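Everything below concerns the one structure shown next.
Computed from the coordinates by the stated procedures, all read-outs in this text should not be read as laboratory data. Since we're looking at a predicted model, the values are computed, not measured. Here Cβ is always computed from backbone atoms with ideal geometry, including for glycine, and neighbour counts include all displayed protein chains.
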Amino acid sequence: MTSLIVGASAGLGRALAESLARRGQDLILCSSAMEDLDPLAQDLKLRFGVAVACVELDLNKLDSRSLADTAMHSKSIDRVFVVAGSSTHQDAGPVSDDQATQLIRVNYEGAVRIINFVLPNLLEHQAAQIVIISTVAANRPRGRNTVYASSKHALEFYVKGLRHRFADTGLSIKIMRVGYLDTNMGFGEKRPLPKLKPDHAAELILKSCAQPGLVAYIPGWWRPLMIVHRLLPWFIYKRINF
């Protein structure tokens, strides 16, 4: 089994790479930060004896060369993890055009292009899987993280369409709505609910990949909270500032 991880150099992507390598799976690691990716690949090869290839890939500046580099390995891929994402604290109302473009490219456009590019090879396998790392912020629109959350929700819509189109094949689709993570990106931020370590989140994600169902919440206790969140009447919801 060979897994492609888009956004593998840090945080959850890095944790997933280690968890998959521990299970004996070969890896293709993609990131714009090759200075972090190459040492990770060497470490995983040494500790777990798996094959690891690295591809320099920036979803904000995805070009034909990056896609060609991915194509070199695409025939062996039977599982894709789209982990890469981008958000900003300024995404709470009008954002600059540059910021909006970057958020849409990384969280939606680039992810769709990568999935679309490797999809023909995935369909050649008897069992293949696309796993997208979404967010609990995509549960219901709110006044913060607006472009980020709507981009993630659009990506969810796209893979749901793939699920319908290829329902009679061996292609499986999984959407992981992940809660707060304890990463360097969110260092010092106060959250109303506990943060999850990336290595713990990675194990929960891989466990969910083997279970039925389209959408999983990571960790699982987010699911009842998000059901209540969706059902709140508008006259109450509009007064909540979070």
Quiz prompt | Per-region count, the stretch 8-31, residues assigned to a loop (DSSP other than H, G, I, E, B), crowded, with 18+ Cβ neighbours inside 10 Å and out of contact with any strand residue (DSSP E or B) (no Cβ under 6 Å at 6 or more places or on another chain) | solution = 1
Self-check item: Extreme residue, surrounded by the most Cβ atoms within 10 Å (Cβ to Cβ), among residues of the stretch 56-76 that are of a type in the set (S, T, N, Q) and within 18 Å of the chain's Cα centre (by Cα)
Solution: Thr70
Quiz prompt | Index of the failed condition, Thr135 passing every other in (1) touching a residue at least 40 places away in the same chain (Cβ under 8 Å); (2) under 29 Å from Asp97 (Cβ atoms); (3) surrounded by fewer than 19 Cβ atoms within 10 Å (Cβ to Cβ) | solution = (3)
Quiz item: How many of the residues in the stretch 62-83 are part of a helix (DSSP H, G or I), in contact (Cβ under 8 Å) with a residue 12 or more places away in the chain and not small (Gly, Ala, Ser)?
Solution: 4
